[in-house]
Each structure stands twice: as structure tokens, then as C-alpha cells.
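The values are calculated or read from the model by the stated rules, or taken from the named source; none is laboratory data. Computed from a prediction, not measured in an experiment: that's the story for all the values here. Quick reminder, even Gly has a Cβ in these numbers, built from the backbone with ideal geometry, and neighbours come from all protein chains shown. Accessible surface areas use protein heavy atoms only, side chains included; no ligands, DNA or RNA. Shrake-Rupley method; radii C 1.70, N 1.55, O 1.52, S 1.80 Å.
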Amino acid sequence: MSTPEIDKPFPDFTAQATSETEVSLSALKGKNIVIYFYPKDSTPGCTTEGQDFRDLYQEFQALDTEIFGISRDGMRSHENFKAKQEFPFELISDKEEELCKLFDVIKLKKMYGREHLGIERSTFLIDKEGVLRKEWRKVKVKGHVDEVLEAVKAL
């Protein structure tokens, strides 16, 4: 499995998302896309990150940019999380880890002294032509969404 490369076209994918929608990269040509991976619905850091994207959503929209959050949680968990936090963007369920593998975000993590494979908080910016322009790995939530917005403005 190769790691995505900056300034190279990103491979097309199709995934199920909340609101009974299907998301495919090729159908989004002509828009910038921000895809952020987070470990788990309704946990503190993931909630804050989603809220930050929500609060700046209009600014992203004004820049012709769609946002998608992805975790391994199921669709019911996603629908509840999205409704409770009033996210204006869709969440993609990746139980089979297909997108996690495509974006290379499954990493060995330590929690309470035990190792497990989990999603490393990561964000990717794909431009209107479907080219990967920027990636953020090992994301720290505070200030991150502002940084992503600045990167979109710079495209």
C-alpha cells in the first residue's frame, strides 16, 4: 500500500456517508475537498475538531470547498454524532478501513500502555482537479482548522 503523494492525482474512491449519500471523488471534480480522519465519534478531541470545521464551514463553502469527516464508526453512530453537533457536512463510515488504508492513516498507537491499531488524526486537501495538495498528520486539534482554511485560501 503506497502513501498518497503530494501534487499527484488522488485515486478515485466511492464511500457511503450520512444522510444516505454516496461520496465519490470523481463526482466532486471542480470543488476542493477537505477530508479529515478522526479516531472516534463523540469523543472530546473529535467533537472539538468537528465543531471547528462546523464553525468555519461557511468560509470553506465560500472557497468552493467540501468537507468530509471519516472514522471507523458505523452509520448510526455517525448520524447521531452529526445531528447532535449540527455538522453541516457529511461523515463517512469506513468500517472496512478501505479509505483508512488508501490514505495510510492506520497507525500503531499506545493507550494506557497498550498498543493497538487506530486512526491517526489526519487531514487531506485535494484540489478541484483531484490532486492532493496538502496533508496534515498527527494533527493537534487546537488551531488546526484555521490552518486548513489558510491552505485552501492559498490554492
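Worth a mention:
- Between the residues His144, Pro44, Gly74, the greatest Cα displacement towards the positive end of the dipole of the chain, with unit charges on the Cβ of Lys, Arg, Asp and Glu, is found for Pro44.
- The distance between label points at Val131 and Leu155 comes to 1.2 nm (points 7 Å beyond Cα on the Cα→Cβ vector).
- Distance between modelled label sites at Lys142 and Lys95, nm, 7 Å Cα→Cβ extension: 3.7
- Among [x] 45, 41, 29; [y] 36, 34, 34; [z] 43, 35, 31, the entry that matches Cα extents along the principal axes in Å as calculated here: [z]
- In order along region 123-132, phi translates into HN-Hα couplings of 9, 10, 10, 10, 7, 5, 9, x, 9, 6 Hz, rounded to whole numbers, per the Karplus curve 6.51 cos²θ - 1.76 cosθ + 1.60 with θ = phi - 60° and x for Gly and Pro.
- Amide H contacts of Asp41: Asp73, each under 5 Å away and 5 or more positions distant or on a separate chain (H built 1.01 Å from N in the peptide plane; Pro and chain starts excluded).
- Here the Karplus curve 6.51 cos²θ - 1.76 cosθ + 1.60, taken at θ = phi - 60°, turns the phi angles of region 80-94 into couplings of 5, 4, 4, 5, 4, 8, 6, 6, x, 10, 8, 10, 9, 8, 10 Hz, with x standing for Gly and Pro.
- Split the accessible area of the chain by element, probe 1.4 Å, and carbon with sulfur accounts for 48%.
- A Cβ-based charge dipole, computed about the Cα centre of region 1-102 with Lys and Arg at +1 and Asp and Glu at -1, lands at about 140 debye.
- In sequence order, calculated HN-Hα J values of region 12-27 (Karplus, 6.51, -1.76, 1.60; Hz; x Gly/Pro): 5, 8, 10, 8, 7, 10, 4, 6, 6, 9, 10, 10, 9, 4, 4, 6
- Close amide H pairs (under 5 Å, H built 1.01 Å from N) link Arg133 with Asp7, Leu125, Ile126, Asp127, residues at least 5 positions away or on another chain.
- Residues Lys109 and Leu63, FRET efficiency given R0 of 30 Å [Cβ-Cβ distance, rounded to 0.05]: 0.40
- Euclidean distance between Cα centres, region 1-51 to region 64-89, Å: 11
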